[in-house]
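Below is one structure; the comments refer to it alone.
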Amino acid sequence: MTREPTASAVAVRRLAVAAQGYTGRYRRASAADVETAIRRLSCVQLDSISAVERSHRIALTSRVGDYPRDTVTRLLAAGRIFEFWAHEACLLPIEAWPHFRRAMANGGRGWYGNVGKTYPHLADEIVAEITERGPLGSRHFEGAGRGGMWNWKPAKAMLERLWNHGDLVVAGRQGFQRVYDLAERVIPRALLDAPVPSEHETLLELTEQAVRARGVLTAAGAREHWRLRGGVARVRPALDELVATGRLRRLRVDDGGADVFVPPEAELDRPAPTAAVLLTPFDNLLWDRPFTGRILGFDHLIEVYKPPPQRRYGYYVLPFLRGDRVAGRADLKSERKEGRLVVRAFHREDGVRASGALDDALDRALARLARLIGLEEVRR
């Protein structure tokens with residue numbers, strides 16, 4: 001039996017960070033840049049918290065630079081990207097649509113309850129309203145004294161059901177509120193009419209995409225990337241086939257941990273990345289927490305859902321990536337009326353010494369983030 005080649009833990013860490021394509025410089029970006037970044041990342045997580053900035057915007061600007069705020073809405077409306085469940089609710093490249101048709105047929109994540117049985121008429125009424133009036137936000141169905149069928153709770157649940165089943169798509173956002181339209185008016189006809197790939201084909205495609213998007217993953221990380229049901233056993237046959245056909249490589253790691261998978265062209269002797277950036281706590285790099293701990297030595301904590309007395313680092317804490325290591329955690333808040341980004345606290349990671357170089361790198365990253373958010377100053 002052929003033994004897998006061995007990579008150093010340092011090489012694995014550099015592959016993982018370099019694959020994300022972070023930039024520490026301020027630059028202008030276009031809709032095409034954003035679309036390309038979403039495709040390269042395979043999916044970008046959405047989150048409603050805006051204490052600093054929406055998570056997907058922090059994730060994308062850390063890679064492509066400053067893009068117009070209506071860009072994601074325009075890409076959604078034009079059918080160039082779509083929103084669906086991946087790691088969580090995510091932005092996805094439009095060509096992935098056929099691979100999610102099976103999940104849609106099975107009802108997506110199903111958090112909308114039994115509204116289809118309780119209010120069976122509501123689906124046709126909502127679809128008729130959108131058909132006649134065009135794209136509508138969920139606010140349109142909130143009632144606000146209108147009564148009748150637009151009782152907020154069942155209407156909102158039915159919108160979720162129709163979206164989870166692929167009958168409606170998110171065609172943009174007003175603020176962070178979804179705007180819904182008919183899938184047939186947004187998704188390119190060639191993709192709507194494309195045959196649904198087999199489960200085997202979809203597992204191969206998504207598994208390869210995950211490894212390419214992240215640069216290096218374990219089997220557990222490939223499953224976690226898409227939150228696939230069935231555990232690691234679900235992806236192992238796909239990984240074995242991808243390795244056997246040369247679409248991926250399996251590597252041992254000199255730290256003795258689980259084998260990793262990389263694209264066949266991965267460079268194991270690349271230099272360390274140099275960008276210094278503040279990451280959203282929902283960044284793709286951080287999704288597989290055990291692997292993040294293993295290769296970065298970083299115990300990633302998300303404490304927004306904890307009561308204040310139980311928080312160790314703060315409410316909305318952004319890891320500070322400097323080169324190929326996490327140097328610290330910044331507890332930040334945007335004070336939009338005052339036009340400033342407030343640093344409530346900065347916690348250096350264990351083993352990271354205070355220095356002028358660290359302070360300068362953090363100051364540049366904070367200034368860049370403030371400018372991307374549209375704030376005029378940083379207060380430390």
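Looking only at the range 1-30, residues that are over 22 Å from Asp324 (Cβ atoms) and open to solvent by 20 Å² or more (accessible area, probe 1.4 Å) come to 6 in all.
If you scan the range 334-349, which residues turn out to be outside any strand (DSSP E or B) and without any contact (Cβ under 8 Å) to a residue 24 or more places away in the chain? Break it down stepwise before answering.
Filtering the range 334-349 down to residues outside any strand (DSSP E or B) leaves 336-339, 349.
Residues satisfying the conditions are Lys337, Glu338.
Each residue in the range 107-124 was checked for being closer than 20 Å to Gln177 by Cβ and in a helix (DSSP H, G or I), and 2 pass. Ala219 falls short of the stated requirement of being surrounded by fewer than 24 Cβ atoms within 10 Å (Cβ to Cβ) and in contact with a Phe, Trp or Tyr (Cβ under 7 Å, 6 or more places away or on another chain). Just so you know, in the range 249-271 the residues that are under 13 Å from Ala11 (Cβ atoms) and in a loop (DSSP other than H, G, I, E, B) include one that is least open to solvent (accessible area, probe 1.4 Å), and it is Ala266. Being open to solvent by less than 50 Å² (accessible area, probe 1.4 Å) and without any contact (Cβ under 8 Å) to a residue 60 or more places away in the chain is a property that does not hold for Leu41. Evaluation of Ser48 against the conditions (1) touching a helix residue (DSSP H, G or I) at 6+ places or on another chain (Cβ under 8 Å); (2) part of a loop (DSSP other than H, G, I, E, B) shows that the sole unmet condition is (1).
Selection of the range 108-159 for residues being surrounded by 12 or more Cβ atoms within 10 Å (Cβ to Cβ), among the basic types (Lys, Arg) and modelled with pLDDT of 85 or more yields Arg109, Lys156.
The values are calculated or read from the model by the stated rules, or taken from the named source; none is laboratory data. Since this is a predicted model, take the numbers as computed values, not measurements. Cβ coordinates were reconstructed from backbone atoms using ideal geometry, including for glycine residues, and neighbour counts include every protein chain displayed. Please note that ligands, DNA and RNA were not included when accessible areas were found on the heavy atoms of the full protein model with its side chains. Shrake-Rupley method; radii C 1.70, N 1.55, O 1.52, S 1.80 Å.
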